[in-house]
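Notes for the one structure printed next.
The values are calculated or read from the model by the stated rules, or taken from the named source; none is laboratory data. Predicted model, so just to flag it, every value in this text is computed and none were measured. Here the Cβ is made from the backbone with ideal geometry for all residues, glycine too, and neighbour counts use every protein chain on show. Accessible surface is based on the protein model in full, side chains and every heavy atom, while ligands, DNA and RNA are left aside. Shrake-Rupley method; radii C 1.70, N 1.55, O 1.52, S 1.80 Å.
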Amino acid sequence: KLLFFRWDGAGFNEWKEIVLPDTATYHTTCGDSICVASGKRYMLINLTTGVQKDMFDSNSAAPNAFCLPASSELLLGRDNMSVFQDSQGRPSRKYGITWAEPASRLLYLAPYILGVLPKVVEVKLLDTQATVQSLSLRASLVAASPDSC
């Protein structure tokens, strides 16, 4: 389950509790929402209203959610694609980003989006999704670990 707290000026008070069907495996905030992956399913929770919206499964890939800075767009992993969604959970672009394999982590360095894949790091232009470079890394798992970010 997820527990949300609000600051009331004197301390934190419990605001909302959400029971998840499975363990939360990934989360990211985007605009006034938080995207949570529970098992392989994505859910969007509005942090102002508390309204929950079920989204879609990540299918064969482990869930991976990323918020693009300044745009309030989410990139959600589904198989070997990253799908663009707005902070309300609606598709925001016609096409997603296709990776050679499912990305375990994403990083945005304007104008590039980097995807950490099992054996390589792919560098793509965000606007065109054209691959600029693929970097083979034997230690790509180290780069993808949560402790390194």
Response to the item:
Here the convex hull volume per residue of the stretch 10-92, taken over Cα atoms and given in Å³, is 99 Å³
Worksheet, complete the sentence: Length gained if S60 through T98 is fully extended, taking 0.36 nm per residue and subtracting the Cα-Cα distance, is 12.2 nm
Item to complete: Would you kindly state how much longer the chain becomes between V19 and L125 on full extension, computed as 0.36 nm times their sequence separation minus their alpha carbon distance, in nm to one decimal?
Response: 34.3 nm
Fill in: Length-normalised contact order of the stretch 1-125 in % [C-alpha pairs under 8 Å, at least 6 apart]
13 percent
Practice prompt. Compute the signed sum of charges (Lys and Arg +1, Asp and Glu -1) over the other residues within less than 15 Å, Cβ to Cβ, of I18.
Written response: +1
Discussion item. List the lysines whose Cα sits under 28 Å from the Cα of K16, skipping any in the same chain fewer than 8 residues away.
Written reply: K1, K40, K53
Worksheet entry | Dipole axis of the chain (+1 Lys, Arg; -1 Asp, Glu on Cβ), positive-most option in L75, A10, I97 | I97
Item to complete: Report which label in (1) 123; (2) 154; (3) 136 holds the value of volume of the Cα convex hull per residue in Å³ derived from the coordinates of this structure.
Response: (1)
Fill in: Å² of accessible area per residue within the chain, as computed with a 1.4 Å probe and no ligands counted
57 Å²
Worksheet item: Is it possible to state the helix-based mean residue ellipticity at 222 nm for the chain, with each DSSP H run of 4+ residues giving -39500 (n - 2.57), the sum divided by total residues, to the nearest 500 deg cm²/dmol? What is it?
Response: -500 deg cm²/dmol
Worksheet item: Which of K124, K94, K40 moves most in a GNM of the chain, Cα contacts under 10 Å?
Response: K94
